[in-house]
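The values are calculated or read from the model by the stated rules, or taken from the named source; none is laboratory data. This one's a predicted model, so the numbers in the text were calculated from it and none came from an experiment. Cβ placement follows ideal geometry from the backbone for every residue including glycine, while neighbour counts extend to all protein chains displayed. Heavy atoms of the whole protein, side chains included, go into the accessibility calculation; ligands, DNA and RNA do not. Shrake-Rupley method; radii C 1.70, N 1.55, O 1.52, S 1.80 Å.
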Amino acid sequence: SMSTPELAPYMALAQETMRRCYAEEDATMMYQWLSEQIAKLGGKGNDNAVMTWQESFDFYEALMIQREHNAQIPASERKILDWYWPAWNKLIDPLEPGMLAVISAGDGQGKTIYAECLAEHWARRKNHVVFVHYELNRALMLDRRTARHTGISRRDLKGGNLTQEQRKLILDIRPKLSSWDGYVTYLHTPGWSMERTVQELTRLKAEGQCDVVVLDYLEKNSASRRQLQMFGNNNNQREADNVEQIKNFGESTDTSVVMLAQMSKAGKSGSFEDLDRTAMRGAGEKSEKANIVILLQREKVDEGYSQTVNVRVDKNTVGATGNFTQWMEPEFFRVHDVEKVDL
């Protein structure tokens, strides 16, 4: 016989690989696609797809033993993905492996500030965080971090004429942040496609450097060659494809992902009462694939936006939905709860 039945999937893979080579697929894309296929053949897709009735009891017993073991670990030593703010923790359970949370807001309303606060909180909590930023350059990212932890304005930091006291504050944050049990890896990806981003995340994951991904932000991805061939200029289809890719990465590698997404013009200008997840640009696929959708809106005031942030947990498969307000210090890139929340 030509080959055993077990080899049939490999034959199919070889044929599909040839087909893609003849179509002159981009090499980066090819690597990404092959990595995914091989991971599936290696058992992640095949062996885990079916769970028999009997196996389900063994699986659950092992899970409960693991949970009991985790419960014995002191809270200070746990590697968890709870939320930075008590108001969020009150409604939303900690992120579980492979989950996708989407945070959506209009342009300039401070969604990146939320992403930065979460990334740093999770690093404090022992996690290896990868912060993917398509837009902010490195100097700006680090200025923002320094302003958040020292209370020195970015204008002062950029000006270069710091006082002795300010210089000391900056020196002091290094040992403070370096003492965290986890860390943030900054992945600056201007002009990258989602394929290339996922390929790099897959590498970081293999090196043990990626427990959770914070992605800022979806719409800033460049189209890959494959996407241009498949979707042309249809941004919504391409963004849906990007969500699918990052979600697949998260699920197949047990990595939690927080992704920022743009709100449409209508969503941005409408009232908070009328706001729901359809306000996201090309909303369908994004909110469908997400386990959690959080919407942020700041009211327009004379000098820009109010410091009050309206927060809506609009979809939540791990807890409740609901609204609350927070306040933002945009000049120091910080967000706070308005009142003390009893958890």
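So the values come out like this:
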{"quantity": "For the stretch 216-303, projected area of the alpha-carbon convex hull averaged over all directions, nm²", "calculated": "7.0"}
{"quantity": "Mean Cα-pair separation over length for the chain, i.e. relative contact order, pairs under 8 Å, 6 or more apart, %", "calculated": "24"}
{"quantity": "Per residue, in Å², the accessible surface of the chain once ligands and nucleic acids are set aside, probe 1.4 Å", "calculated": "53"}
{"quantity": "Cα→Cβ-extended label distance, 7 Å offset, between Trp327 and Asn236, nm", "calculated": "4.0"}
{"quantity": "Farthest toward positive dipole pole in the chain [+1 Lys/Arg, -1 Asp/Glu at C-beta], among Gly304, Met11, Ala87", "calculated": "Gly304"}
{"quantity": "The chain, accessible surface, carbon-and-sulfur percent (1.4 angstrom probe)", "calculated": "51"}
{"quantity": "Computed [θ] at 222 nm, helices only, for the chain once each DSSP H run of length n ≥ 4 contributes -39500 (n - 2.57)", "calculated": "-14000 deg cm²/dmol"}
{"quantity": "Percent antiparallel among DSSP beta bridges (both partners in the chain, rounded to 5)", "calculated": "45"}
{"quantity": "Fraction of beta bridges assigned by DSSP in the stretch 206-343 that are antiparallel (%, nearest 5)", "calculated": "85"}
{"quantity": "For the stretch 101-258: rounded, prolate or oblate by the Cα gyration tensor [a/c cutoff 1.5]", "calculated": "prolate"}
{"quantity": "Prolate/oblate/rounded label for the stretch 89-142 (Cα gyration tensor, a/c 1.5)", "calculated": "oblate"}
{"quantity": "Cα-based Lys pair tally, the stretch 169-315, threshold under 23 Å, eight or more apart or on separate chains", "calculated": "21"}
{"quantity": "Percentage relative contact order, the stretch 17-142, counting C-alpha pairs under 8 Å, at least six apart", "calculated": "20"}
{"quantity": "Computed over the stretch 195-343, the ratio Rg/Rh where both radii use C-alpha atoms and Rh is Kirkwood", "calculated": "0.99"}
{"quantity": "For the stretch 10-25, 3J(HN,Hα) per residue [Karplus equation, 6.51 cos²θ - 1.76 cosθ + 1.60, θ = phi - 60°, Hz, x = Gly/Pro]", "calculated": "6, 4, 4, 5, 4, 5, 5, 5, 4, 4, 5, 5, 5, 7, 6, 5"}
{"quantity": "Cα gyration tensor, the stretch 131-179 - rounded (a/c under 1.5), prolate or oblate", "calculated": "oblate"}
{"quantity": "Dipole magnitude of the chain, debye to nearest 20 (Cβ charges: Lys/Arg +1, Asp/Glu -1, about Cα centre)", "calculated": "1040"}
{"quantity": "Distance from the stretch 205-223 to the stretch 57-126 (C-alpha centre basis), Å", "calculated": "16"}
{"quantity": "Dimensionless Rg ratio for the chain, taking C-alpha atoms and the 2.2 N^0.38 Å reference", "calculated": "1.09"}
{"quantity": "Low-density loop cleavage sites - trypsin sites (Lys or Arg not before Pro) in the stretch 63-106, where at most 16 other Cβ are within 10 Å (DSSP)", "calculated": "Arg78, Lys79"}
{"quantity": "Long-range HN-HN contacts of Lys315 with modeled amide H, under 5 Å", "calculated": "Val293"}
{"quantity": "Relative contact order (%) - the stretch 198-343, alpha-carbon pairs under 8 angstrom, separation at least six", "calculated": "16"}
{"quantity": "The stretch 113-129 - phi-based ³J(HN,Hα) in whole Hz, Karplus 6.51/-1.76/1.60, Gly and Pro as x", "calculated": "4, 4, 4, 5, 4, 5, 4, 6, 4, 5, 5, 4, 8, 6, 8, 8, 9"}
{"quantity": "Arg155 versus Asp107: modelled label distance in nm, points set 7 Å from Cα along the beta carbon direction", "calculated": "2.4"}
{"quantity": "Taking the C-alpha atoms of the stretch 192-267, convex hull volume expressed per residue in Å³", "calculated": "90"}
{"quantity": "Amide H contacts of Asn221 (H built 1.01 Å from N, under 5 Å, at least 5 apart or other chain)", "calculated": "none"}
{"quantity": "Charge dipole (debye, nearest 20) of the stretch 84-240; +1 at Cβ of Lys and Arg, -1 at Cβ of Asp and Glu", "calculated": "380"}
